[in-house]
Amino acid sequence: MSIKDEGFCTWLHNTVDKFISLSNCQRNEALDTLINASGAEQLTHLADVLPSLIYRDFLVLLPQEIRYHVLKFLDGKSLIRCSQVSPKWNHIINSASKVWWEKMLAIGSVDILYCSKDTSKYIHLYRQITRLFRYCSTKRCIDTRKLTSHESRVMAISYKNGKIASGSDDHTVKIWDAHTGRLLHSINTHTVCDLWFDDKQVYTSSFDCTNACWNIASGSMRHQLVGHTSAIFSIDVADDHSMILTGSSDKSVKLWSLAALQPVLVTTLQHYHREWVTKVKFLTTNGETNYKENVTFASVDKQSCFIWRQISEGEIGRIHTLHSKQGSQYTNFLHHKSDSFALCTWSDSELNTYITIYSFSDDNMIQLQNIKLGPNIPLRAQLLGVGKKFAVLTGSADIDALYVYNLILEKCVTKIPIPPCRSTRNGASLTLGNKEWLNGLDGTIPTGTLFAACPQNDNVCLVLNWKS
């Protein structure tokens, strides 16, 4: 009987109508009977047509706009796996320029303008940054060095412009070349809690309740500031060297003027802090700085953060106040950029750490970002640096690793092991080196110094440099 036979067509139509009216179980039984009655030619035909009837490659069938909304929910690793499914999928994934551009930015690349023709560039940069994180975790791109010359425990360390300054219980401050480890200068001082330096001078705060300024070239003391009644945990110096700011365990903040030949105490802020003042920092607002008047600065203890404004000489106004929540305490304060700062907060009740970034002006304090760091970050984490894309943290008790946290993805992207280091409440025993990479990576290994620290109860300085 020919397939064009009218009688066959009528029979087939009636059979289909009857088949549709059956239950699912009856349909399955009918198909089983037909398959058992089929010969090799029919079974081969069935095997050929079934895949096209059962399977649908929805990614291929979807319009390009819908594909984008589907693919953007996958991470980069999953996208790479998808590209290996089939030639069609490989073409689709490798043509998804906007998806890869967004993944590249999110993983922490420098900001790049979008271009639909640059898909391969975005994929390459994504892979490079991912590989860099992997190299960091195994220290393949990091050179570790110990600087040995101090005779007693190193208490404070600071990095600036390729140099490291370290202050020790041996009553010396030493200046080092961060890259080569060469000792450049050694200055006889007092005990050191914190220090600030540039190419010509070192300013130190001490357990002996005084601050001092030392000439690096000659090693002589230029001046000494006396006024606090307890250890001075934090010191900061204005960029033009006209003012000094100090915070002490006597719970006071002092602002000093260096405009005259001898330092002059401008004001003492007391009865505000109820805890040791662990951090003081000069700030700028809207990129404008005038240290003769209108100077802005911050003072922080574990419960409070105050932003101050010197309106005129000797007249200080408190323009903003932040208090940690009950069961929480501030572990670090960082001057983020000209008109913003970051606070790191530990919550005892939640057993978690938060990074909160604020923007401020004279009239307003705005919370820009509040990130709960999660379980992969150590307890009571310390914030060492923060940028547009990344933050770097350590622990506060067992400091044996640096944690690089992606602020966009809000997750830890790599953990860099380091020898055990000592912690201080104001972070004076730990310092980041070059911070430009915190604003985005270009796929290459950053240059210069990554990190420097005071090892636990040791007379050496630990330095981690990026390998070229």
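Taking every DSSP helix (H) stretch of at least 4 residues in the chain, weighting each as -39,500 (n - 2.57) and dividing the sum by the residue count yields a mean residue ellipticity at 222 nm of -6500 deg cm²/dmol. The 1.4 Å probe gives accessible areas that order HIS171, HIS124, largest first, as HIS124, HIS171.
Near HIS171, once Lys and Arg are set to +1 and Asp and Glu to -1 for all other residues with Cβ below 15 Å from its Cβ, the sum equals -2.
Within the full protein context, the accessible area of ARG145 is estimated at about 70 Å² for a probe radius of 1.4 Å. Using the structure shown, list the pairs from LYS160/LYS325; LYS139/LYS302; LYS337/LYS372; LYS251/LYS372; LYS160/LYS279 with a Cα-Cα distance above 24 Å, or answer none. Check vs 24 Å cut-off fails for LYS160/LYS325; LYS139/LYS302; LYS251/LYS372. Of SER21, SER359, the order by accessible heavy-atom surface (1.4 Å probe, DNA, RNA and ligands excluded), from most exposed downward, is SER21, SER359. Remark: the chain carries 51 Å² of accessible area per residue (probe radius 1.4 Å; ligands, DNA and RNA excluded). Taking packing as the residue-averaged number of other Cβ atoms within 10 angstrom, the listed peptides 109-120, 45-56 run from highest to lowest as 109-120, 45-56. Sequence-distant contacts, meaning Cα pairs under 8 Å at least 6 residues apart, place the relative contact order of region 122-266 at 12 percent.
For CYS454, what charge total do you get from the other residues with a beta carbon under 11 Å from its beta carbon, if Lys and Arg give +1 and Asp and Glu give -1? Local net charge: 0. Rolling a 1.4 Å probe over the protein heavy atoms leaves SER396 with an accessible area of roughly 40 Å². With all protein chains in place and ligands, DNA and RNA left out, the 1.4 Å accessible area ranks THR144, THR296 as THR144, THR296, largest first.
By accessible area, using a 1.4 Å probe on protein heavy atoms only, region 14-124 has 60% of its surface on carbon and sulfur.
The values are calculated or read from the model by the stated rules, or taken from the named source; none is laboratory data. This structure is a prediction, so every number in the text was calculated from the model and none was measured. Please note: Cβ atoms are built from the backbone with ideal geometry, for glycine as well, and neighbour counts cover all protein chains shown. The area values use the complete protein model at the heavy-atom level, side chains included, leaving out ligands, DNA and RNA. Shrake-Rupley method; radii C 1.70, N 1.55, O 1.52, S 1.80 Å.
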